[in-house]
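Each value in this text was obtained by applying a stated rule to the coordinates, not by laboratory testing. Quick caveat: nothing in here was measured; it's all calculated off a predicted structure. Virtual Cβ from ideal backbone geometry, glycine too; neighbours counted across all protein chains shown.
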Amino acid sequence: MTAEVGMRVVHARYVPYGHAHYAGHLVDGAYSLALFGDVATELCIRTDGDEGLFASYSDVQFRAPVRAGDCLQVEARVVRVGRRSREIEFEVRVTARGNPERGASAADVLDPPLVATTARGTVVVPG
């Protein structure tokens, strides 16, 4: 196992309606950050054989809303490798979204996906 720049992990997730906190079935921004933690954990396991610890975010951008009923892709990609640190770029993309105008359970695939949240963060792993 070796951490290399460009290594990436992608998770897929459906956003349950029970996670909506605001009008319009909006989900709070912390939801995306929790997903970043999950995907960073798998990335650390794959690169270093350890779950690692999240140390910091240097940038977080909420670019579009995440709503209950969305299908998401969550990506983590290594952009810098230190002795014990890994700098990671994160992205949440909405790949499908409900379309209530067509019916209560109707949904559309978004092509291209909608970039909802981006971030850059640092994790540390045992030396």
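Here is how the numbers come out for the structure above:
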item: Percent RCO, i.e. relative contact order, over the chain, from Cα pairs under 8 Å lying at least 6 residues apart; result: 31
item: Label zone at Thr2, where the point sits 7 Å out along the Cα-to-Cβ direction: the range 26-53 residues whose backbone N lies under 15 Å; result: 47-49
item: Per-q log10 I(q)/I(0), the range 44-88, q = 0.29, 0.33 Å⁻¹ (Debye; single scatterer per alpha-carbon; no solvent); result: -1.21, -1.39
item: Cα→Cβ-extended label distance, 7 Å offset, between Leu53 and Ala34, nm; result: 2.3
item: Of Ala34, Ile88, Gly98, farthest towards positive along the dipole that unit charges on Lys, Arg, Asp, Glu beta carbons give the chain; result: Ile88
item: Where labels lie 7 Å past Cα in the beta-carbon direction, separation of Val60 and Arg120 in nm; result: 1.7
item: For peptides 63-72, 19-28, sequence by mean Cβ density within 10 Å, most packed first; result: 63-72, 19-28
item: The range 1-103: GluC sites (Glu not before Pro) falling in loop per DSSP and having at most 10 other Cβ within 10 Å; result: Glu4, Glu101
item: Packing-based exposure ordering (other Cβ within 10 Å, fewest first) of Tyr14, Tyr57; result: Tyr14, Tyr57
item: Cβ-Cβ FRET estimate between Arg102 and Arg46, R0 fixed at 30 Å, reported to 0.05; result: 0.15
item: Calculated Cα Rg over 2.2 N^0.38 Å (choose from (1) 1.14; (2) 1.20; (3) 1.03), label; result: (1)
item: Cα shape, the range 68-116, gyration tensor, a/c 1.5 rule; result: prolate
